[in-house]
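The values are calculated or read from the model by the stated rules, or taken from the named source; none is laboratory data. Since the model is a prediction, treat every value here as computed from it, not as a measurement. Cβ: placed from backbone, ideal geometry, glycine included. Neighbour counts: every protein chain shown.
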Amino acid sequence: MRLRHRVALAAGCLASLAVATATPEAKESRWWKGNTHTHTLWSDGDALPDVVTAWYKRRGYHFLSLTDHNVLQQGDTWFPVSERAGSRLRPEQVTAAAEDLEASFEERTSGDTRDLRLSRLAELQERFGEAGRFLMLPGEEVTSSWRSPGKDGRGHPIHVNALGLTRPLPPASGESVVDVLNKVLSTIAEHGDEEGLATVAHLNHPNFGWGVTWEDMAAMRRGRFFEVYNGHRSTNDLGAEDRPGCERMWDLANVRRALDPTLPLLYGVATDDAHHYSGNPVAAPGRAWIQVRAEALETQALLRAMNAGDFYGSTGVVLEDIAVDRGDGVGTLTITAAPREGEELTIEFWGARRNADGGPVEPELLGSGPGPELNYTWTPGHLFVRARVLSNLPHPDPGSPGEVQAAWTQPVRAN
Ligand SMILES: [Zn+2]
Ligand SMILES: [Zn+2]
């Protein structure tokens, strides 16, 4: 018999549904907006972590992860305050931050050198955290690379954001891109297992330095997230003449994963990867984010919801609901958007179907139509379905000419 329950993506199995309905006092889920990829002076960003955090909180974000390269913001790190050419922290920046944030910074001087102690994550959580309003999610960009052998050998950047850590984790080395990737992902997953905590690991900007291919993404074992949109302008998200863009890579990888029952489908996050808070446009903040549906603004609730696929990436488009109605070999994915003033939306369903003659499976546009609500019903033979919602509104800080605001929901396994 077909199930007719309208369930949230997170409650895609009956067990979750039963738990949800058996707890009458369960808190209602809602959407929380956050960015899971940002840099500060703790690595190669150009602003104090306090300034970065204030930037997001003031613009209504609910959560933020400062994901500096191979470091969690712990312990004492002294940063030079200097007028010298190339300085990343000038005296006037410290004065402006202290005034703007009504904060004081710990400093030390020796001779003519002046250093400022960078605020630790615990201090930032204390200063900016606010129950139900703003949460700092511990994060690190675990930054590895792999050099291919031979005379054409080159470095492949392999960057993975780890969210929900309690201690910093090291980068990895290995025999291949996939080997490095799987080692990093295993280390993060094992850390979560040891601590009994949900974690999220997302592969970042696969096309940055053409580091990671879709075939590598198809072979990721313990990770199930990647960046379908990265706001840094040097990450080749749209691909090149002979290389697929991130969205096509997502579908190609998921075709292969859908045909392997041991591999979960890959989910797509959208992030800023912001480095520049002082006007440099290369990696400016505010270009992309995720909305996570969870019952509370708490680290574990957010990370569990992400692992259940109950989130979407956005560069502006707002969704009200994502619902999956799953039957026996059939099912329906319904997208309900919340258009803003003057906004017209197009909802597209992307996915893949088995080829009737047994040939290779190609991802395809399965259907599309005007918003704000549209559904797609899959039938036997489908492998997966996901939605992309496009706005007529231009991106306010476009990465390419004509870029419009968009949202990406997570693929639903249909086989
Ligand atoms: Zn990176
Ligand atoms: Zn980064």
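Odds and ends about this structure:
- Residues in segment 310-364 that are in contact with a helix residue (DSSP H, G or I) (Cβ under 8 Å, 6 or more places away or on another chain) and either in the same structural domain as ARG224 (by TED's automatic domain parsing) or farther than 17 Å from PRO380 by Cα (or both): ASP310, PHE311, ILE322, ALA323.
- The C-beta contact set for segment 272-298 (first residue more than 10 Å from LYS33 (Cα to Cα), second residue crowded, with 24+ Cβ neighbours inside 10 Å and basic (Lys, Arg), distance under 8 angstrom, 6+ apart or interchain) comprises ASP272/ARG287; ALA274/ARG287.
- For GLY239, the conditions (1) within 14 Å of ligand 2 (Cβ to nearest atom); (2) surrounded by fewer than 17 Cβ atoms within 10 Å (Cβ to Cβ); (3) not basic (Lys, Arg) all hold with the exception of (1).
- Members of segment 221-234 found to be within 16 Å of ligand 1 (Cβ to nearest atom), free of Cβ contacts under 8 Å to residues at least 60 places away in the same chain and either in a helix (DSSP H, G or I) or over 15 Å from THR143 (Cα atoms) (or both), listed by number: HIS232, SER234
- Scanning segment 278-299 for residues that are away from ligand 1 (no atom under 16 Å from the Cβ) and among the small types (Gly, Ala, Ser), we see that the one that is surrounded by the fewest Cβ atoms within 10 Å (Cβ to Cβ) is GLY279.
- When we screen ALA288, ALA284 for residues that are under 16 Å from HIS202 (Cα atoms) and of a type in the set (A, V, I, L, M), the only hit is ALA288.
- Candidate set from segment 123-152 (those that are surrounded by 12 or more Cβ atoms within 10 Å (Cβ to Cβ) and more than 19 Å from LEU303 (Cα to Cα)); member that is nearest to ligand 2 (Cβ to nearest atom): THR143
- Count of segment 356-385 residues, restricted to those that are of a type in the set (D, E, K, R) and either under 16 Å from GLU343 (Cα atoms) or in contact with a Leu (Cβ under 8 Å, 6 or more places away or on another chain) (or both), is 1.
- The residue that is farthest from ALA308 (Cα to Cα), counting only those in segment 259-277 that are hydrophobic (A, V, I, L, M, F, W, C) and either surrounded by fewer than 23 Cβ atoms within 10 Å (Cβ to Cβ) or in contact with a helix residue (DSSP H, G or I) (Cβ under 6 Å, 6 or more places away or on another chain) (or both), is LEU259.
- Failed item in (1) of a type in the set (A, V, I, L, M, F, W, C); (2) buried (at least 23 other Cβ atoms within 10 Å of the Cβ); (3) within 21 Å of LEU365 (Cα to Cα), with LEU252 passing the rest: (2)
- Search result, residues across segment 355-390 that are among the charged types (D, E, K, R) and at pLDDT 95 or above: GLU362, GLU364, GLU373, ARG386, ARG388
- Considering residues of segment 156-182 that are away from ligand 2 (no atom under 16 Å from the Cβ) and surrounded by fewer than 19 Cβ atoms within 10 Å (Cβ to Cβ) only, the residue farthest from the chain's Cα centre (by Cα): GLU175
- Checked against (1) out of contact with any helix residue (DSSP H, G or I) (no Cβ under 6 Å at 6 or more places or on another chain); (2) more than 16 Å from ligand 1 (Cβ to nearest atom), GLY211 meets all criteria but (2).
- Of the strands (runs of 3 or more DSSP E) lying entirely inside segment 325-391, those containing at least 1 residues that are among the hydrophobic types (A, V, I, L, M, F, W, C) and crowded, with 22+ Cβ neighbours inside 10 Å are 331-337, 345-353, 373-378.
- Among all residues of segment 268-277, there is none that is of a type in the set (Gly, Ala, Ser), assigned to a loop (DSSP other than H, G, I, E, B) and touching a strand residue (DSSP E or B) at 6+ places or on another chain (Cβ under 9 Å).
- Matching option when the condition is loosely packed, with under 12 Cβ neighbours inside 10 Å, of a type in the set (Ser, Thr, Tyr) and not in a helix (DSSP H, G or I), among SER82, SER104: SER104
- Of all the residues in segment 204-222, those that are within 16 Å of ligand 2 (Cβ to nearest atom) and either within 18 Å of the chain's Cα centre (by Cα) or surrounded by 19 or more Cβ atoms within 10 Å (Cβ to Cβ) (or both) number 7.
- SER65 being within 16 Å of ligand 1 (Cβ to nearest atom), at pLDDT 95 or above and crowded, with 23+ Cβ neighbours inside 10 Å: yes
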